[in-house]
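The values are calculated or read from the model by the stated rules, or taken from the named source; none is laboratory data. Since this is a predicted model, take the numbers as computed values, not measurements. Here the Cβ positions follow ideal geometry from the backbone for every residue, glycine too, while neighbour counts run over all protein chains shown.
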Amino acid sequence: QTKYRAFPPVALANRTWPDVQLTRAPQWLSTDLRDGNQALIEPMDPQRKLRMFQMLVKIGFKEIEVGFPSASQADFDFVRLLIEQDHIPADVSIQVLTQARQPLIARTFESLRGARRVIVHLYNAVAPVMRRVVLGLDEDQIVDLAVTHTRMVRELAAQQPATEFLFQYSPEMFSGTELAFSKRVVDAVTEAWGANAQRKCIINLPATVEHSTPNIFADMVEWMDRHLARREAIVLSVHPHNDRGTGTAAGEFALMAGADRIEGCLFGNGERTGNVDLVNIALNLYTQGVDPELDFSDIDEVRRCVEHCNQLTVHPRHPYVGDLVYTSFSGSHQDAIKKAFAARKEGEIWDMPYLPIDPKDLGRSYDAVIRVNSQSGKGGIAYLLEAEYGVELPRRLQIEFSQVVQAVMDDAGKELSAADLWRIFEGEYGLAE
Ligand code: KIV
Ligand code: ZN
């Protein structure tokens, strides 16, 4: 259930452009334990993997890519641990990646014995540079490679009737491939899987490397959405990376362009500049009044877990979660925020200057919103004294006291806390015993 709507209704009230917006959450897949993990300086050990998995489940992910079991013994063992120790809730599907090579597919199925619900994720590269330079295969041979291995997955899945298998295919480097060829491969794979409206498969379109502006990627997704031979038999997924720093925009545009599902990582971990940041996409939806169906109501808990598991810190200015994102240093911002808090009534839409989201919705507090440094004005100083010490300064005194504070800051050259302000206030006006 959506908790609130942020200010866009106000901003959009007088719009003259067509209303293209996301109105519901996509199907989410976390690949923190696969694409994220493979990009870590020090890959997660089993304890950290399990902690990440449990956090992803707690957030609400129903599809979680847990590894590449045929490529790594550690990933194989982790898949076995999840299955044998019964860590996978009944409504969660694990996903495993495999290349289109027979021994690797066979090994992948070995890792899956006893699983309840699995997505087998098959991929092979389709881009011209990979065909020509790396694989040495022509277009017909690439189609044949994809089809042959799809059939193999289908046969092996049929031999394990106790497991519910879903099939996913990724034409790797879709973003750098001729559209007509991507369509040809995907149509052939969809047919080989025997997909229909009752037995859908997932077709995942990766921007393996982000080469173009986000609208171009979205146009490519839209073209596929319109031209695939069996669209009704497909869950259309995207897998943006972030090489140009526009992964979030690419993901959002791709969803607007017709994708049903998106793959990415928490806070944008992943190869090179990362996979698309799913927290960013989810909370962008939230601020537009759309329930993301993922729970970030204690975002600091999620962050602590991710930082521990990835051994990477989240940047202090990272959208929604960074240490500094609910902090205002500028006096005019502080003043505006103070006035808006004072005028705000409980339950109103969030129409707050300089704060795109109510920090409380993510388990953050207003306490850190206003700090005082050399850029601050009297508003921030007055706000802190009132909020922390219940002292309401008359306007004349606000002006006078802010000059005192400014002089101290010019000397000290550092940020002051509410406690520092109170000490200065007591010293200046003789309140101390
Ligand atoms: O980025 C990519 O293309 C991938 C594929 C394996 C889906 O991670
Ligand atoms: Zn990837």
**OP:** Taking the residues in the range 19-39 that are assigned to a strand (DSSP E or B) and among the hydrophobic types (A, V, I, L, M, F, W, C) as candidates, determine which candidate is farthest from ligand 2 (Cβ to nearest atom).
**Re:** Trp28
**OP:** Identify the residue in the range 388-433 that is among the aliphatic types (A, V, I, L, M) and under 14 Å from Gly377 (Cβ atoms) and, among all such residues, is surrounded by the fewest Cβ atoms within 10 Å (Cβ to Cβ).
**Re:** Ile399
Subject >> Residues that are buried (at least 21 other Cβ atoms within 10 Å of the Cβ), within 16 Å of ligand 1 (Cβ to nearest atom) and of a type in the set (Asp, Glu), drawn from the range 237-296 >> reply: Glu263, Asp277
Original post:
Considering only residues of the range 87-103 that are part of a strand (DSSP E or B) and out of contact with any His (no Cβ under 6 Å at 6 or more places or on another chain), which is surrounded by the fewest Cβ atoms within 10 Å (Cβ to Cβ)?
Top reply: Gln99
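Looking only at the range 170-201, count every residue that is more than 27 Å from Gly245 (Cβ to Cβ) and either part of a helix (DSSP H, G or I) or within 15 Å of ligand 1 (Cβ to nearest atom) (or both) and tell me the total. If you could, list the steps in order and put the result at the bottom.
Filtering the range 170-201 down to residues more than 27 Å from Gly245 (Cβ to Cβ) leaves 180-181, 183-201.
Restricting the remaining residues to those that are either part of a helix (DSSP H, G or I) or within 15 Å of ligand 1 (Cβ to nearest atom) (or both) gives 180-181, 183-193, 201.
Final tally of qualifying residues: 14.
Conditions tested, residue by residue: (1) touching a residue at least 60 places away in the same chain (Cβ under 8 Å); (2) under 18 Å from Leu29 (Cβ atoms).
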position: Thr150; (1), (2): no, no
position: Arg154; (1), (2): no, no
position: Ala158; (1), (2): no, no
position: Pro161; (1), (2): no, no
position: Gln168; (1), (2): yes, yes
position: Glu172; (1), (2): no, yes
position: Lys183; (1), (2): no, no
position: Gln198; (1), (2): no, no
**OP:** Report whether or not Arg113 is over 27 Å from the mean Cα position of the chain (by Cα) and either part of a helix (DSSP H, G or I) or over 26 Å from Lys200 (Cα atoms) (or both).
**Re:** no
Original post:
Does the range 148-164 hold any residues that are under 16 Å from Lys200 (Cα atoms) and part of a helix (DSSP H, G or I), and which are they?
Top reply: Thr150, Arg151, Val153, Arg154, Ala157, Ala158
Original post:
Residues of the range 421-432 being closer than 13 Å to Glu388 by Cα and free of Cβ contacts under 8 Å to residues at least 12 places away in the same chain, which ones?
Top reply: Arg423
Subject >> Those residues of the range 327-340 which are at pLDDT below 90 and either in a loop (DSSP other than H, G, I, E, B) or out of contact with any Gly (no Cβ under 9 Å at 6 or more places or on another chain) (or both), in sequence order >> reply: Thr327, Phe329, Ser330
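I'd like the residue in the range 264-288 that is of a type in the set (D, E, K, R) and assigned to a loop (DSSP other than H, G, I, E, B) and, out of all such residues, is farthest from ligand 2 (Cβ to nearest atom).
Here is the first cut: in the range 264-288, the residues of a type in the set (D, E, K, R) are 271-272, 277.
This time we only want the ones that are assigned to a loop (DSSP other than H, G, I, E, B), so: 271-272.
Values: Glu271: 6, Arg272: 10 Å.
Within the range 264-288, the match that is farthest from ligand 2 (Cβ to nearest atom) is Arg272.
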**OP:** Identify all residues within the range 46-74 that are in contact (Cβ under 8 Å) with a residue 24 or more places away in the chain and either outside any helix (DSSP H, G or I) or within 20 Å of Phe167 (Cβ to Cβ) (or both); write none if there are none.
**Re:** Gly60, Phe61, Lys62, Glu63, Ile64, Glu65, Val66, Gly67, Phe68, Pro69, Ser70, Ala71
Original post:
Applying the selection to the range 225-249, what residues are part of a helix (DSSP H, G or I), touching a Pro at 6+ places or on another chain (Cβ under 6 Å) and either more than 13 Å from ligand 2 (Cβ to nearest atom) or farther than 15 Å from Asn275 by Cβ (or both)?
Top reply: Ala249
Original post:
When both residues are 6+ apart or on different chains and their Cβ atoms are under 9 Å apart, which pairs have a first residue that lies in the range 292-312 and is within 14 Å of Leu56 (Cβ to Cβ), and a second that is assigned to a loop (DSSP other than H, G, I, E, B) and of a type in the set (Phe, Trp, Tyr)?
Top reply: Leu294/Phe61; Phe296/Tyr320; Val302/Phe296
**OP:** Specify which of the listed residues (Val133, Val153, Val118) is surrounded by fewer than 21 Cβ atoms within 10 Å (Cβ to Cβ), β-branched (Val, Ile, Thr) and over 21 Å from Asp225 (Cβ atoms).
**Re:** Val133
**OP:** Would you confirm whether any residue within the range 346-356 is surrounded by fewer than 22 Cβ atoms within 10 Å (Cβ to Cβ), at pLDDT below 90 and at positive phi?
**Re:** yes
